[in-house]
Amino acid sequence: MKRWLRPLLLVLLLALAIIAPLGQGNYIVYTLTSWLIFSIAAMGLNLTLGYAGQISLAQASFMAIGAYTTALLTLAGWHWVLAMPLGLILCFAVGLLLGYPALRVKGHFLAFVTLAFNTLVFLILRNEEWLTGGSYGLVGMPRPDFGLFSTMKQLPFYYFTLGITVIASLVMWGIVRSPWGRAFKALRENPVRAESLGVDTRRITLLAFAIGSVYGGLAGALITPLVQFIEPGSFGVGHSLRILLMVVVGGAGYFFGPFLGAGVVIMLPEMLRFTAGYYLIIYSALVIVMLVFVPSGLIGIGGRLREKFRPRREVRADMREGARLQ
């Protein structure tokens, strides 16, 4: 992609995100806000899974940690801007601890460990009623108020979430383009070779979980004022699988994959509502077909089309070595 084309595309996408909710009803604006929030959560999982190659089925549990920490503090009178960072710090610390099993187990064993962690968090939220409200949850969390700018209505809260999403995206862009980002990719491709080249795979693995967890916590901190009601069922294993689907559908390891995947998972069911009771069947069938024919995700379609219509010119190995044909 030409250098000037990518910034232009980013500006156009941002402009589209700004004008998309204008003139829409509250439900459409709410759906668009949900897309932004889950894009943040999927960004974090994409770093852990797509860039670092570490399987995690616990992203919803970090959303829960961020959501409940922010909810409890804002209900106690704290401003959201002060409550949110504490939730992110807690997610970072817990993410570091969860990363330790990844130093010993890989693949589906690691998936089971993170799955068990998600279940553990769900049980704590449901059973510790004195703190979390149990199955009744917490209600009435206030939305941020900045004096001249209040987010009490849906449209201002959408733009507030959009601003947070842009900042989170810029930070993630800096991470994946930094030496850390290259180390994450080296860890994904070949951990043994990465370590032989001087990469501290132990530290990078822990960072992949910790940073990805922070993004999950940020999404949870935004969910709290959006719905103003949270309960344990909102952060169960099914929601972790949903975030995983966003990453896979969009394209794991691609920067814009989480946005595209979250858009499909959040928006497509709403677009299929006209089919009445069949929309979930159609939605599931479309996802299965896509994963079968485009396992690299929707962003991978562009690469496959480019290779089909503009195939790369293969150079013979002997010519590459400088040998002359006799």
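Select from region 252-294 the residues that are without any contact (Cβ under 8 Å) to a residue 60 or more places away in the chain and assigned to a loop (DSSP other than H, G, I, E, B) and list them in ascending order. Walk me through how you get there before you give the answer.
Let us first name the residues in region 252-294 that are without any contact (Cβ under 8 Å) to a residue 60 or more places away in the chain, namely 256, 260, 264, 268-269, 271-294.
Within region 252-294, Phe256, Leu272, Val294 qualify.
Is at least one residue of region 154-172 among the polar types (S, T, N, Q) and loosely packed, with under 14 Cβ neighbours inside 10 Å? No: region 154-172 contains no residue that is among the polar types (S, T, N, Q) and loosely packed, with under 14 Cβ neighbours inside 10 Å. Selection of first residues in region 175-189 that are within 19 Å of Leu103 (Cα to Cα) and of second residues that are among the acidic types (Asp, Glu) and not in a helix (DSSP H, G or I), restricted to Cβ pairs under 9 Å at least 6 apart or on distinct chains, gives the following pairs, ordered by first then second residue: Ala183/Asp200.
For region 232-248, the criterion of a residue being in contact with a helix residue (DSSP H, G or I) (Cβ under 8 Å, 6 or more places away or on another chain), within 24 Å of Pro144 (Cβ to Cβ) and surrounded by fewer than 20 Cβ atoms within 10 Å (Cβ to Cβ) is satisfied by at least one position.
All of (1) under 30 Å from Ala67 (Cα atoms); (2) surrounded by fewer than 11 Cβ atoms within 10 Å (Cβ to Cβ); (3) at pLDDT 80 or above hold for Met267 with one exception: (2).
Restricted to helices (runs of 4 or more DSSP H) entirely inside region 141-215, those with at least 3 residues that are basic (Lys, Arg) and closer than 24 Å to Ala52 by Cβ are 179-189. Considering each of Thr201, Thr205 in turn, give the residue that is under 27 Å from Thr165 (Cα atoms) and not small (Gly, Ala, Ser). Sole residue among the options that is under 27 Å from Thr165 (Cα atoms) and not small (Gly, Ala, Ser): Thr205.
One residue stands out among those in region 10-57 that are assigned to a helix (DSSP H, G or I) and among the hydroxyl-bearing types (Ser, Thr, Tyr): the one that is nearest to the chain's Cα centre (by Cα), which is Ser39. Scanning region 174-208 for residues that are surrounded by fewer than 13 Cβ atoms within 10 Å (Cβ to Cβ) and among the hydrophobic types (A, V, I, L, M, F, W, C) returns Val192, Leu197.
Confirm whether Ile211 is modelled with pLDDT of 90 or more and crowded, with 16+ Cβ neighbours inside 10 Å. Can you show your working first?
Numbers: modelled with pLDDT of 90 or more: yes; crowded, with 16+ Cβ neighbours inside 10 Å: yes.
The answer is yes for Ile211.
Candidates are the residues of region 55-73 that are surrounded by fewer than 24 Cβ atoms within 10 Å (Cβ to Cβ) and touching a residue at least 24 places away in the same chain (Cβ under 8 Å); the one that is farthest from Leu98 (Cα to Cα) is Leu72.
Taking only region 103-127 into account, find how many residues are of a type in the set (Gly, Ala, Ser) and within 22 Å of Gly236 (Cβ to Cβ). Don't jump to the end; show me each part of the working.
Filtering region 103-127 for residues of a type in the set (Gly, Ala, Ser) gives 107, 111, 116.
Checking the rest, the ones that are also within 22 Å of Gly236 (Cβ to Cβ) come to 111, 116.
Of the residues in region 103-127, 2 are of a type in the set (Gly, Ala, Ser) and within 22 Å of Gly236 (Cβ to Cβ).
Looking for whichever is modelled with pLDDT of 95 or more and more than 19 Å from the chain's Cα centre (by Cα) here; the options are Phe157, Phe92, Phe109. Which one fits?
Numbers: Phe92 fails: more than 19 Å from the chain's Cα centre (by Cα); Phe109 fails: modelled with pLDDT of 95 or more.
Just one listed residue meets the conditions, Phe157.
Could you tell me whether region 193-204 includes any residue that is under 21 Å from Ala111 (Cα atoms) and of a type outside the set (Lys, Arg)? Break it down stepwise before answering.
Here is the first cut: in region 193-204, the ones under 21 Å from Ala111 (Cα atoms) are 201-204.
Restricting the remaining residues to those that are of a type outside the set (Lys, Arg) gives 201, 204.
For region 193-204, residues under 21 Å from Ala111 (Cα atoms) and of a type outside the set (Lys, Arg): present.
Scan region 58-89 for residues that are part of a loop (DSSP other than H, G, I, E, B) and over 20 Å from the mean Cα position of the chain (by Cα) and the total you get is 4. For region 273-282, the criterion of a residue being surrounded by 15 or more Cβ atoms within 10 Å (Cβ to Cβ), aliphatic (A, V, I, L, M) and over 19 Å from the mean Cα position of the chain (by Cα) is satisfied by no position.
The values are calculated or read from the model by the stated rules, or taken from the named source; none is laboratory data. Predicted model only: the values in this text are computed from it and were never measured. As a convention, Cβ positions derive from the backbone with ideal geometry for all residues, glycine included, and neighbour counts pool all protein chains shown.
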